[in-house]
1. Sort region 29-68 into rounded, prolate or oblate with this rule: let a ≥ b ≥ c be the square roots of the eigenvalues of the Cα gyration tensor; rounded if a/c is under 1.5, and if a/c is not under 1.5, prolate when a/b is larger than b/c, oblate otherwise.
2. What residues of region 25-47 lie in the reach of a label at Glu55, counting those whose backbone N is under 20 Å from a point 7 Å from the Cα along Cα→Cβ?
3. Please identify every one of the chymotrypsin sites (Phe, Trp or Tyr not before Pro) in region 27-114 that sits in a loop by DSSP and has no more than 13 other beta carbons within 10 Å of its own beta carbon.
4. Starting from the Cα gyration tensor of region 1-64, take the square roots of the eigenvalues, sort them a ≥ b ≥ c, and report rounded, prolate or oblate (rounded when a/c is under 1.5, otherwise prolate if a/b is larger than b/c, else oblate).
5. Under 1.5 on a/c is rounded, so check that first for region 45-122, then, if it is not, pick prolate when a/b is larger than b/c and oblate when it is not; a ≥ b ≥ c are the square roots of the alpha carbon gyration tensor eigenvalues.
6. Using the beta-carbon distance between Gln78 and Ala10 and R0 = 41 Å, what value does 1/(1 + (r/R0)^6) give for FRET efficiency, to the nearest 0.05?
Amino acid sequence: LTVKRRSDGAILIMKKEKILSKEEEEKRKRKDEVNALKKCFHKNIVSYIDDFIDEHYSRIIMEYCKEGDLGVFLRNQQGNLLSNVSVLNWSRNLASGMAYLKVKRIVHRDLVVNDMIFKQELSHKVPPFRNQTTFSLLLDY
């Protein structure tokens, strides 16, 4: 879900997840995810902006990556092959973001190809955590 920041009109993305249990353990896990995301400042990690948790939903506001995920990006290529240099650069940036998470002692437990999202035509990120630790990485090509 995209949202607009009132102060400057910036477009952001809101990740909204239903809290399945009213137990404090579920809310604690959500808070742990948010706290991990708050600690990450890296060009290959989607930036945390804000968060809200109530009894029904967890909402995390993050930077918006307008080009979408890898699947959207590839469909937009309309059958054109990608250069080896582009794929190598994506891989390098993905590794850079993951190395940063390792240094921060954060595990991305759900990294899949569609987690690579594109901020602009020449850069992409991997999105935030699901199940306590889910992040986004930005890759340049």
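None of the figures in this text is laboratory data; all of them are computed from the coordinates on show. For clarity, every value in this text was computed on a predicted model and none was experimentally measured. Note that we place each Cβ from the backbone using ideal geometry, even for glycine, and neighbour counts take in every protein chain shown.
1. Oblate, because a/c is 1.5 or more while a/b does not exceed b/c.
2. So the set is 25-31.
3. Of the chymotrypsin sites (Phe, Trp or Tyr not before Pro), the ones in loops of region 27-114 whose Cβ has at most 13 other Cβ atoms within 10 Å are Phe41.
4. Oblate.
5. oblate
6. Given R0 = 41 Å and the Cβ-Cβ separation, E is 0.85.
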